[in-house]
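Chemist: Right, I'll just put the structure down here and ask away after.
The values are calculated or read from the model by the stated rules, or taken from the named source; none is laboratory data. Everything quoted here is computed from the prediction, not taken from an experiment. Positions of Cβ are generated from backbone atoms using ideal geometry, with glycine treated the same way; all protein chains shown enter the neighbour counts.
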Amino acid sequence: MTIRDVRERFEERVIGKRLSTADIAHQTAPNFIALAVLASDAMSSVAYATEEILIILNTAAISGFAIVGFQGNAISIPIAIAIALLIGIVTVSYRQTIFSNPAGGGGYRVAKENLGEEMAQVTGAALLTDYILTVAVSISAGVANVISVAPALTPFRVEITVGIILFMTFINLRGVKESARLFSIPTYFFLVTMGITLVVGFIKLLTGTLPSVTDVQAIQHNALEPVTLLLILRAFSSGCTALTGIEAISNDTQLFKQPRANNAAKTLVVMTTILITFFLSITILANAVHAVPSLDETIISQLARTVFGTQGVGHFLYILTIAGAFGVLFMAANTPFADFPQLAALHSGDGFLPRQLTYRGRRLVYTWGVLTLSTSSIALVIITGAIVTNLIPLYAIGVFLGFTISQTGMARRFYRTGKLKAGEFAWGLETKISYDPNWRIKLITSGVGAVATFVVMIVFIITKFTSGAWFIVLLIPTLVWVFFQIHRHYKETAARLHLDDTPKFEQKPIIFNPAIHKDVAIYFCDTWSKLSVAVVEAILKRGLPLKIVHIDVDPKRGKAFAKRAHEIIELNGWDEGTVQIIEDQYRDLYHSVATILEDMREKYPDVHFDVYIGALRTRFPFSMLHMSTDRFLRDAMMEVDDAALNIKQLDVDTLPLPPGFKVTFEHVADHHDESGEPHPHSA
């Protein structure tokens, strides 16, 4: 048994059996499971949104200040109502997004479709940053609730948070269906326990038996700020953390069963209804029990303790409520584990992130995306000490930048819709835009949402800039710049390697005959390019019998390879058996290569194998953007006797760019209809 076999058996036991690429269609979930997975981020926000409002209000002398009849901390109630209205507007906008882009991708696809690839990268940078922060914030907030019950765990705050992230990483590497089933339990447990808390709380409030919270050490301030419009806007902006996660369903509609758009839209409405109900109820009851922001106990803990008491069954229900709050915050971190890899793969497929992020692992998840998210969030937790208040200033800017661009994109789409007549249509970059008689109301809804979320983002930048928001303000444009550099490299590399015409070879390959040949050249070819032409020419010059093998792990690439191979065979008069395409439904390059060579060794025990691959050489750090195929082949060949690995390298930076080449980006106005001509109604 080889080391590879041991590793494969270990991974099968721990991660699970490899799934076929054809199984992707079955990696879906019913609505109630999808709700738990994708809505948990949004629903978990109610566990700390009210607290964030009160934290801001308690920095000022608000005891004598009133808004529409609400005084003191009760000002948080009209603020929460305003936030609930914004939640409704944003939900309507994302519901429209789902029907406009049923394939998923959410704000990224909306921006790309309606505002161009440049704005799509800004949206992507904001969303990817948001997902990393969501993992850090949610799990840190969950741990904070546990520490409220067990203060002795305070010194281990960071260690516990990191351990939970690692556990979630492991579960998500096992696949979508497995993680969805497991992580749906905490979400529904939270809904039940929190629902009971709110119902009991309102019953006691209406019957006059709801006491006030006791034994809480409020956060103390040396000096109180004056009550200003900016303060109210700060409280509103901080409470808008309740909106985080609303976009998740539109980003990952692939999780839903068919009809995806309808199921996703229904689930989004259900999620929003629960979110608004819980958020307003918690805010009202928190004011009723006179809960105060504290470093030692969360608002949720104060509310549940006051509602249920600290004795007997009441204390037990309190513990269950805290466990539910911890569970949903823990579960909220799973939403990014579903969405981050998907979004990163979209970026990668468009050439703005490393191609490795499109790789599906043994359980059909985007393995590198999961690991990137996990590593980044762990680093953030360690840096910030897993303190939620330290993370919130970083958190909100990316969220609301994504909201703003997405809703602006939808407004642009409906504006274009309004320029059409009944029966007419236009083309976006990827979807068909048809006339909609309700375009005005949809345009206004998206426009209002875009303005409101933009204001929230600006308030966050101004008020939280020195608290850490400056980092996100610098990070997002830096990420966009990095995306563009990666894109430029991939575009230039593709242009340098591109074959303008079907290549004509001076020599024909020798047909392998084991009866007379003691050597055979086996070329594992991924795609036809100037590199593959150079490898084939090198083999033909040696006069070796040639077999070209393409391992098909991507149907789209496999189809393009087969088409070009047929053209080369026809033009050069090659034997059809020279090129062989082998489908690998399990995306295991190592296993496929090893199996091919072992089978050939069994058939031809006395033949020496000269294995060839092509390798690109480029300058650092762009060399990291290319897969190390030679490593896979080298390891696979260690199990085969009498075989040599030959690597034909090509320095891609020495190849000339085509005359007049420049990197361009797609825009709506550049798109063409199915006939290849610009559509007359494109706006």
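Chemist: List, please: which pairs have Cβ atoms under 8 Å, are six or more places apart or on different chains, and start with a residue in region 328-347 that is assigned by TED's automatic domain parsing to the domain that holds Thr169 and surrounded by fewer than 24 Cβ atoms within 10 Å (Cβ to Cβ) and end with one that is hydrophobic (A, V, I, L, M, F, W, C) and part of a helix (DSSP H, G or I)?
Modeler: Close Cβ pairs (under 8 Å, with a partner that is hydrophobic (A, V, I, L, M, F, W, C) and part of a helix (DSSP H, G or I)) amount to Ala345/Leu357.
Chemist: Tell me yes or no: at least one residue of region 190-209 is out of contact with any strand residue (DSSP E or B) (no Cβ under 7 Å at 6 or more places or on another chain), in a loop (DSSP other than H, G, I, E, B) and modelled with pLDDT of 90 or more. Reasoning before the result, please.
Modeler: Within region 190-209, the first condition is being out of contact with any strand residue (DSSP E or B) (no Cβ under 7 Å at 6 or more places or on another chain), and the residues that meet it are 190-209.
This time we only want the ones that are in a loop (DSSP other than H, G, I, E, B), so: 208-209.
Filter again for modelled with pLDDT of 90 or more, leaving 208-209.
Yes: region 190-209 contains one or more residues that are out of contact with any strand residue (DSSP E or B) (no Cβ under 7 Å at 6 or more places or on another chain), in a loop (DSSP other than H, G, I, E, B) and modelled with pLDDT of 90 or more.
Chemist: So is Thr445 in the same structural domain as Glu117 (by TED's automatic domain parsing), in contact (Cβ under 8 Å) with a residue 40 or more places away in the chain, touching a Lys or Arg at 6+ places or on another chain (Cβ under 8 Å) and farther than 25 Å from Leu346 by Cα or not?
Modeler: no
Chemist: Here is a further query. Kindly indicate which of Thr253, Thr267 is in contact with a strand residue (DSSP E or B) (Cβ under 8 Å, 6 or more places away or on another chain), polar (S, T, N, Q), more than 16 Å from Leu85 (Cα to Cα) and assigned by TED's automatic domain parsing to the domain that holds Ala103.
Modeler: Numbers: Thr253 fails: in contact with a strand residue (DSSP E or B) (Cβ under 8 Å, 6 or more places away or on another chain).
None of the others qualify; the one that does is Thr267.
Chemist: What are the pairs, 6+ residues apart or on separate chains, where a residue within region 85-96 that is over 12 Å from Lys442 (Cα atoms) and among the hydrophobic types (A, V, I, L, M, F, W, C) has its Cβ under 6 Å from a residue that is part of a helix (DSSP H, G or I) and at pLDDT below 90?
Modeler: Every condition considered, the pairs that remain are Leu86/Ala452; Ile87/Leu243.
Chemist: Being buried (at least 24 other Cβ atoms within 10 Å of the Cβ) and closer than 30 Å to Leu589 by Cα is true for just one of Leu353, Leu371. Which residue is that?
Modeler: Testing whether each residue is buried (at least 24 other Cβ atoms within 10 Å of the Cβ) and closer than 30 Å to Leu589 by Cα leaves just Leu353.
Chemist: Which of the residues belonging to region 97-112 are of a type outside the set (Gly, Ala, Ser) and either surrounded by fewer than 22 Cβ atoms within 10 Å (Cβ to Cβ) or at pLDDT below 85 (or both)?
Modeler: Correct list: Phe99, Asn101, Pro102.
Chemist: Pull out all pairs, ordered by first then second residue, where Cβ-Cβ is under 6 Å, the residues are six or more apart or on different chains, the first lies in region 519-531 and is assigned by TED's automatic domain parsing to the domain that holds Ala594 and in contact (Cβ under 8 Å) with a residue 40 or more places away in the chain, and the second is among the small types (Gly, Ala, Ser) and crowded, with 20+ Cβ neighbours inside 10 Å.
Modeler: Within 6 Å, the pairs are Cys525/Ser532; Leu531/Gly614.
Chemist: So which residues in region 604-624 are buried (at least 17 other Cβ atoms within 10 Å of the Cβ) and in a helix (DSSP H, G or I)?
Modeler: The answer is Phe622, and nothing else.
Chemist: Which is touching a residue at least 60 places away in the same chain (Cβ under 8 Å), small (Gly, Ala, Ser) and more than 18 Å from Ala111 (Cα to Cα), of Ser406, Ser467?
Modeler: On the way: Ser406 fails: more than 18 Å from Ala111 (Cα to Cα).
Just a single option satisfies the conditions, and that option is Ser467.
Chemist: Where the second residue is surrounded by fewer than 13 Cβ atoms within 10 Å (Cβ to Cβ) and the first is under 17 Å from Phe189 (Cα atoms) and lies in region 310-324, which pairs have Cβ atoms under 6 Å and are six or more apart or on separate chains?
Modeler: Note: no pairs meet the criteria.
Chemist: Identify all residues within region 32-50 that are under 20 Å from the mean Cα position of the chain (by Cα) and part of a helix (DSSP H, G or I); write none if there are none.
Modeler: Answer for region 32-50, where residues must be under 20 Å from the mean Cα position of the chain (by Cα) and part of a helix (DSSP H, G or I): Ile33, Ala34, Leu35, Ala36, Val37, Leu38, Ser40, Asp41, Ala42, Met43, Ser44, Ser45.
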